[in-house]
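*Asks:* Here's a structure for you.
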Amino acid sequence: MSVNEDIKYDAKLDGILDAATGAGTGKSRSLGSVVTLCLLAVAVVLPFVAQGFVVFQLTMVMVYGIAIMGLNILTGFNGQFSLGHSAFFAIGAYTAAILMESFGVSYVWTLPAAGLTAFVAGFLFGLPALRLEPIYLALATFALAVAMPQFLKLTPFEHWTGGVQGIVILKPDAPFGLPLSQDQWLYLFTLGVGFGLYLAARNIIASRTGRAIQAIRDNPIAARAMGINLSLYKTLTFGVSAFYTGVAGALSAIVVQFVAPDSYTLVLAVAFLVGMVIGGVGWLPGSLIGGAFILFVPNIAEGVSKGLSGAVYGIILLLIIYIAPSGVGGLLHKTADYFARRRK
Amino acid sequence: MELFLQQVLSGVANGAIYASVALAIVMIYQAIHHLNFAQGEMAMFSTFIAWQLMQWGMPFWAALPVTVALSFAGGVAIERIVMKPIEHAPVLTHVVVFIALFTILNSAAGFIWDFTIKPFPTPFGTAPVLGNGLLSAHQAGMIAVVLVMLVLLYLFFRYTNTGLAMRAAAANPASARLVGIRVGWTTALGWGMASAIGSVAGMLIAPVVFLEPNMMLTILLYGFAGAVLGGLTSPAGAVLGGFIVGVVENLAGTYIPVVGPELKLPIALVLIVAVLVVKPSGLLGRRTVQRV
């Protein structure tokens, strides 16, 4: 199976990042920064013009976006598959919920705790995953996704996890007496965390470590010959990826105010995968587009037809894939290519 | 000992279900080198077609070939209409298309035939064959059909020109094209065959688990596990893997105390992953060597 080649094909998407947000040189870099800043400004203003529920939805888009970003680091840049990221999302969500409910920890401090717990889980899981080829890795992560909800329901842990019932959390108020509603505050909080994580991911990818991670994706044997410690980098990437998804899980627990085992099934893992492909594998900003897709499209499908909502969802998905076989990122890349060629 | 034997036998009977699905999975893997997540829903849809034909008064043995033929045509049609336009897209895009097919088929079946559970007739009867109800006639018949399908497939791939062409096209599409094999059509043929095998599997499974749009969900998971365990390159391995998964799942449920019915699947999957860590290409799979 030529998985690696296919991902290499996706790797071209890195270029779009340069074109769209400007990691490139000179003019394109400043243009990219301007675009990023404009988008950020719009994002900050948004909760003050939108309705309460829409603000909640947009917050969830960002939460999913962060989770997909985690998956993207693993798949898009390191070439490892995962159908099990719902499990790391669940680990993050439960860590946050248990810390808040049983230990009275402030929600802000649950995020690093959730991220670190997920990091350790991801790192440990990455160890056996080292020996598995892509398709078997898919199966192993898949097992993780299937096992997680059952694991959370186990009686011995019921004291902490609340069993099937889950845990209810209180929504935090805006700090320092800021005149913001809870939804608005959580939106801005998520935006800040998400943007910080995005910048961190971009810097990791652009660093020496990031190049090592990508070299492993492109050609593991050559990477090893260059002196890259394959096992270390692969497990570390797994850990970092889980960290992102874990933080997203914690945010989702705080935003939704509720965790329960059945929110974190295989369906969620599949949704992350779909979101990543729709946004563009190996293109970080695409994660946000993927987050929007998995939040809004099922609702749209339901709106078109109640009985056939699954079929409508599937058809929308197919149409997007036909228009953009390598996601929105791939489409942008192609368009940019086309205009660049016309200018010449 | 009695309990052990009973659990093994009932595991074998469940295993026959997984084996038939695993066989269909390996078939399509041979043709396109992808795991098809929509496989189970395709089989479920075919089974509904058979049910509909019987509702219209067709006897089982007449409905079977009609369903198989329709499923074959359906499989070819899906390949031609849905997969062909994106054949050069990345693997993950294909996976997403499988997910799309999955939801479309599932939702369409629920819309046409609704989500109520329907009984499905068995052609073999339910009389016990072995001991006191250890193995029913239907389970024995199911195992026999799976083994017959396996032999037929082996003969097809080993001794017919078309089978050889299909293997060649999967192994090396570029070279296969150069020697005059129409690779596009062998792929379509692979989809058709997988769909046809899936329809037979669905009709065998439906009497046991009853017919409803979600009937294949867990079975497909076990089928995947079986196929991967046995080695994705080997139909015989898939069947063996399916049986092993059935037995392991049953024994784990019986003998490991904390494992309730809920944890059976995770345990089975963990055992399989453990096997794969030791033997990465599956039990009977060929070790593929890549050129640097």
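The values are calculated or read from the model by the stated rules, or taken from the named source; none is laboratory data. This is a predicted model, so every value here is computed, not measured. Cβ sites come from the backbone with ideal geometry, for glycine too, and all protein chains shown count toward neighbours. Please note that ligands, DNA and RNA were not included when accessible areas were found on the heavy atoms of the full protein model with its side chains. Shrake-Rupley method; radii C 1.70, N 1.55, O 1.52, S 1.80 Å.
*Asks:* Once ligands and nucleic acids are excluded and a 1.4 Å probe is used, how much of B:Trp191 is accessible, expressed in Å² to the nearest 10?
*Replies:* Using a 1.4 Å probe on the heavy atoms, I get roughly 0 Å².
*Asks:* Give a residue-ordered list of calculated ³J(HN,Hα) values for the range B:84-91 (Karplus: 6.51 cos²θ - 1.76 cosθ + 1.60, θ = phi - 60°; whole Hz; x for Gly, Pro).
*Replies:* Whole-Hz 3J(HN,Hα) from phi for the range B:84-91: 3, x, 10, 5, 9, 6, x, 3.
*Asks:* Let a ≥ b ≥ c be the square roots of the eigenvalues of the Cα gyration tensor of the range B:10-99; is it rounded (a/c under 1.5), or, if not, prolate (a/b larger than b/c) or oblate?
*Replies:* Here the range B:10-99 falls in the oblate category.
*Asks:* Springs between alpha-carbon pairs under 10 angstrom, Gaussian network model over chain B: which of B:Met83, B:Met216, B:Met44 fluctuates most?
*Replies:* In the Gaussian network model the winner is B:Met83.
*Asks:* Positive end of the dipole of the protein assembly as shown, charges at C-beta (+1 Lys, Arg; -1 Asp, Glu), about the Cα centre: which of A:Leu180, B:Met27, B:His138 has its Cα farthest in that direction?
*Replies:* My answer, from the dipole projection, is B:Met27.
*Asks:* Nearest 500 deg cm²/dmol is fine: what mean residue ellipticity at 222 nm does chain A get from its DSSP H runs of n ≥ 4 alone, each adding -39,500 (n - 2.57), divided by its residue count?
*Replies:* Values: 16 runs with 262 residues, N = 344.
It comes out at -25500 deg cm²/dmol, rounded to the nearest 500.
*Asks:* Let me ask you something else. Checking an interface number: how much accessible area is buried between B and A, summed over both chains, with a 1.4 Å probe, in Å² rounded to 100?
*Replies:* Answer for the B-A pair: about 3700 Å² buried.
*Asks:* Still on this structure: Take the alpha carbon gyration tensor of the range A:46-141, find the square roots of its eigenvalues, order them as a ≥ b ≥ c, and report rounded if a/c is under 1.5; if not, report prolate when a/b exceeds b/c, else oblate.
*Replies:* oblate
*Asks:* Ratio of Rg to Rh for chain B, alpha carbon only, Kirkwood?
*Replies:* Rounded to two decimals, Rg over Rh is 0.97.
*Asks:* Kirkwood hydrodynamic radius, chain A, all distinct C-alpha pairs: what's the number in Å? Walk me through the intermediate numbers first.
*Replies:* On the way: mean 1/r = 0.0484 Å⁻¹.
One decimal place: 20.7 Å for the Kirkwood radius.
*Asks:* Residue-wise, which Karplus ³J(HN,Hα) couplings in Hz belong to the range A:39-50, taking 6.51 cos²θ - 1.76 cosθ + 1.60, θ = phi - 60°, and x for glycine or proline?
*Replies:* 4, 5, 4, 4, 4, 6, 6, 3, x, 8, 10, 8
*Asks:* Using the Cβ atoms and a cut-off under 10 Å, what net charge is assigned to the surroundings of B:Leu189, where Lys and Arg are +1 and Asp and Glu are -1?
*Replies:* Its environment carries a net charge of 0.
*Asks:* Which far-off residues, 5 or more places away or on another chain, put their amide H under 5 Å from the one on B:Leu135, with H placed in the peptide plane?
*Replies:* Those lying under 5 Å, H to H, from B:Leu135 are B:Val129, B:Leu130.
*Asks:* Turning to a different aspect of this structure: Shape verdict for the protein assembly as shown, please, from the Cα gyration tensor: rounded (a/c under 1.5), prolate (a/b greater than b/c) or oblate.
*Replies:* In terms of gyration-tensor shape, prolate.
*Asks:* May I ask which residue of A:Phe258, A:Phe119, A:Pro149 lies farthest towards the positive end of the charge dipole of chain A, with charges of +1 (Lys, Arg) and -1 (Asp, Glu) on Cβ and the Cα centre as origin?
*Replies:* Result: A:Phe119.
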